[in-house]
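Undergrad: Dropping a structure here in structure tokens format, bear with me for questions.
The values are calculated or read from the model by the stated rules, or taken from the named source; none is laboratory data. Values in this document were obtained by computation on a predicted structure and should not be read as measured data. Reconstructed Cβ throughout: ideal geometry from the backbone, glycine too, with neighbour counts over all protein chains shown. Heads up: the accessible areas ignore ligands, DNA and RNA and are worked out on the full protein's heavy atoms, side chains in. Shrake-Rupley method; radii C 1.70, N 1.55, O 1.52, S 1.80 Å.
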Amino acid sequence: MQSAEEIPENRDEIPAEALVSVDVWAALQGVSKATVQQNRSRHNARRGTPDARPGDMPEEDRTIGRSPFWLMATYREWDASKPGKGFGAGRPKGTGGNYSPRAPRTLQLPGDCPHCGKAVRRKDLPEGTKTRSRRSLELPALCPHCSREIRGEDLLAATT
């Protein structure tokens, strides 16, 4: 199969020995041809190295001219064995708690210190204090008025 128009309504009707082109592979996955070509290039570079990952595209079964082709059986095997959404990421099962919003990492200037309530302005900050921009202070940072550390968690507690 060389074009997406050749894909039958019921994909199970495609014979296992049918050759699948990049166009058909993309249509089967619901992505663009460019995405398949990028993935193929990336996966070919990782193949046989410690960087190889589960779900990498398999090596093509045949090359006609410069065009890669896979057997439909190879595609089905790869599709069935690739990891699902979110594979290898996130918190392990059972370790999560209740949802809590992420603590802020900056204090917008001028902003109030959650400890003493005084306004923290850029001109009050000592030389060398980390700022993200002219209008935000990177946390944790010391309040120039009460010398207590301002953390993102403190800002969350002050708003609730």
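Undergrad: Conditions first: (1) open to solvent by less than 60 Å² (accessible area, probe 1.4 Å); (2) at pLDDT 85 or above; (3) part of a loop (DSSP other than H, G, I, E, B). Thr74 passes all but one, so which condition is the exception?
TA: For Thr74, the exception is condition (3).
Undergrad: Let me ask something else about it. Return yes when Gln2 is surrounded by 10 or more Cβ atoms within 10 Å (Cβ to Cβ) and modelled with pLDDT of 85 or more and no when it is not.
TA: no
Undergrad: State all residues of segment 60-71 that are of a type in the set (A, V, I, L, M, F, W, C) and surrounded by 18 or more Cβ atoms within 10 Å (Cβ to Cβ); if no residue qualifies, say none. I'd like the intermediate steps shown before the answer.
TA: Going residue by residue through segment 60-71, those that are of a type in the set (A, V, I, L, M, F, W, C) are 64, 69-71.
The answer is Phe69, Trp70, Leu71.
Undergrad: Among the residues of segment 113-133, write down those that are on the phi < 0 side of the Ramachandran plot and without any contact (Cβ under 8 Å) to a residue 24 or more places away in the chain. Show your work before the answer.
TA: Step one: of segment 113-133, the residues on the phi < 0 side of the Ramachandran plot are 113-116, 118-127, 129-133.
Matches in segment 113-133: Ala119, Arg121, Arg122, Lys123, Asp124, Leu125, Pro126, Glu127, Thr129, Lys130, Thr131, Ser133.
Undergrad: For segment 118-132: of the residues being assigned to a loop (DSSP other than H, G, I, E, B) and surrounded by 13 or more Cβ atoms within 10 Å (Cβ to Cβ), which is modelled with the highest pLDDT?
TA: Filtering segment 118-132 down to residues assigned to a loop (DSSP other than H, G, I, E, B) leaves 118, 121, 125-130.
Next, only the ones that are surrounded by 13 or more Cβ atoms within 10 Å (Cβ to Cβ) stay: 118, 125, 129.
Working: Lys118: 91, Leu125: 85, Thr129: 82.
Checking each candidate, the answer is Lys118.
Condition check ((1) part of a loop (DSSP other than H, G, I, E, B); (2) modelled with pLDDT under 85; (3) within 30 Å of Arg151 (Cα to Cα)) across all residues:
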position	(1), (2), (3)
Glu9	yes, yes, no
Ala27	no, no, no
Val31	yes, no, no
Arg53	yes, yes, no
Ala80	no, no, no
Phe87	yes, yes, no
Thr95	yes, yes, yes
Tyr99	yes, yes, yes
Cys116	yes, no, yes
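Undergrad: Name the pairs: first residue in segment 135-148 and among the charged types (D, E, K, R), second residue open to solvent by less than 80 Å² (accessible area, probe 1.4 Å), Cβ to Cβ under 8 Å, at least 6 apart or on different chains?
TA: Here the result reads Arg135/Leu109; Glu138/Thr106; Glu138/Thr131; Arg148/Cys113; Arg148/His115; Arg148/Cys116, each pair linking segment 135-148 to a residue that is open to solvent by less than 80 Å² (accessible area, probe 1.4 Å).
Undergrad: Out of all the residues in segment 138-160, which are open to solvent by less than 50 Å² (accessible area, probe 1.4 Å) and in a loop (DSSP other than H, G, I, E, B)?
TA: If the condition is that a residue be open to solvent by less than 50 Å² (accessible area, probe 1.4 Å) and in a loop (DSSP other than H, G, I, E, B), then Leu139, Cys143, Pro144, Cys146 are the ones that fit.
Undergrad: State which residue is surrounded by the most Cβ atoms within 10 Å (Cβ to Cβ) when the search covers only segment 12-59 and only residues that are within 19 Å of Pro83 (Cα to Cα) and among the basic types (Lys, Arg).
TA: Arg40
Undergrad: Pull out all pairs, ordered by first then second residue, where Cβ-Cβ is under 6 Å, the residues are six or more apart or on different chains, the first lies in segment 48-67 and is within 22 Å of Thr35 (Cβ to Cβ), and the second is assigned to a loop (DSSP other than H, G, I, E, B).
TA: Pro54/Pro83; Gly55/Lys82; Gly55/Pro83
Undergrad: Still on this structure, I have one more. Condition check: open to solvent by 80 Å² or more (accessible area, probe 1.4 Å), at pLDDT 80 or above and not hydroxyl-bearing (Ser, Thr, Tyr). Does Arg135 satisfy that?
TA: Here the answer is yes, as Arg135 does meet what is asked.
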